[in-house]
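The values are calculated or read from the model by the stated rules, or taken from the named source; none is laboratory data. All figures in this text were calculated on a predicted structure; none of them were measured in a lab. Note: ideal-geometry Cβ built from the backbone for every residue, glycine included; neighbour counts use all protein chains shown.
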Amino acid sequence: MATQVIRWGILGASNFARNHMGPAIHAARGAQLAALATGSPHKAEAFTDAFPGIRIHESYDALLADPGIDAVYIPLPNHLHVEWSLRALAAGKPVLCEKPATLHAEEFDTLIAARDRAGLLAAEAFMVVHHPQWQRARQMIAEGAIGRLAQVHGAFSFNNTDMRNIRNRPETGGGALRDIGVYTLGTARFATGEEPVAATARITWENGFDTISRSQIEFPSFHMSMLVSTRLAPYQEMTFHGDEGVLRLDFPFNANVHGEARLDLLRGNETITERWPGVNHYVLQVENFGESLRSGVPYPCPLEFSRGTQAAMDMIFAADPAPAGA
């Protein structure tokens, strides 16, 4: 792509787009937030106030037809991700879609095929792998900083009882695993380079979606225990336990929003801490996407990687499926 500045359009005026990804696009080098598609004047006003000059389209199709848009970001409800990613690619627009990009692993095959036919970049917005704390964690594990890895523990929770919220509606692809399990599973895969081979689970189901998921997951060389919930007090942590040390990330998923981006290496009586104050992984994600469009350099988080995380979630769902009438 010859364009030096990537002109972005957003499909849907979600709060997340307004508060996180919109500002990230605005702040990223080589990026411009050019347009938004929404049929809600009230929601549009929140964007025009924050980003003067942004164009407003009243339909998603109108934004996809806009020749002044070079890439599309999709923060729509989960069940719409595949449809509008495919439409964006068919319209000739590279697409960055919020996670989970699909509800089932095999749907990734459809996205990958559409990406390849179009010859365009398409990716899931898994922003954490762009953060230097996760790149450093992967490096340290690979270099043997904790010795032989034996155990990984991942936890991510918050308490959301608003039944009008899309995360609490089965018809929109809600539930804890799809909303936040993608983080614990995806970062474990990213940091270790391994894929799960088996899983057991105890899932609490409510009105057709999961609210608490307790999983035991076997990888080729280590075991992982995982807790994700949308009905527990806010908490997040990832630990990697080896025979020579422990690697701990206290705020691994929304660093510098609810806590400092830091990594602790515990070896005997010694603790080595690395910190990344002020790093915004949403901005880094936008910049990496733009660099891939401009130069063709491989994108750090391709659809093939994201498919592996969805396959792991499918494995957990299969281990404790929703009972009839749940």
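Details
- Meets criteria (under 16 Å from the mean Cα position of the chain (by Cα), in a loop (DSSP other than H, G, I, E, B), surrounded by 20 or more Cβ atoms within 10 Å (Cβ to Cβ) and not acidic (Asp, Glu)) for residue 174: yes
- Failed item, numbered, when residue 243 is tested on (1) in the same structural domain as residue 97 (by TED's automatic domain parsing); (2) over 19 Å from residue 124 (Cα atoms); (3) of a type in the set (D, E, K, R): (1)
- Lone unmet requirement of (1) outside the structural domain of residue 69 (by TED's automatic domain parsing); (2) in contact with a Leu (Cβ under 7 Å, 6 or more places away or on another chain) for residue 229: (2)
- The condition of being over 14 Å from residue 306 (Cα atoms) and either among the hydrophobic types (A, V, I, L, M, F, W, C) or in contact (Cβ under 8 Å) with a residue 24 or more places away in the chain (or both) holds for only one of 127, 140, that being 140.
- Annotation: residue 113 fulfils all but one of (1) in the same structural domain as residue 224 (by TED's automatic domain parsing); (2) in a helix (DSSP H, G or I); the unmet one is (1).
- Residues of the range 265-315 that turn out to be at pLDDT 95 or above, outside any helix (DSSP H, G or I) and closer than 30 Å to residue 243 by Cα, as a count: 12
- Once the range 177-211 is narrowed to residues that are assigned to a strand (DSSP E or B) and in contact with a Lys or Arg (Cβ under 6 Å, 6 or more places away or on another chain), the residue that is surrounded by the most Cβ atoms within 10 Å (Cβ to Cβ) is 211.
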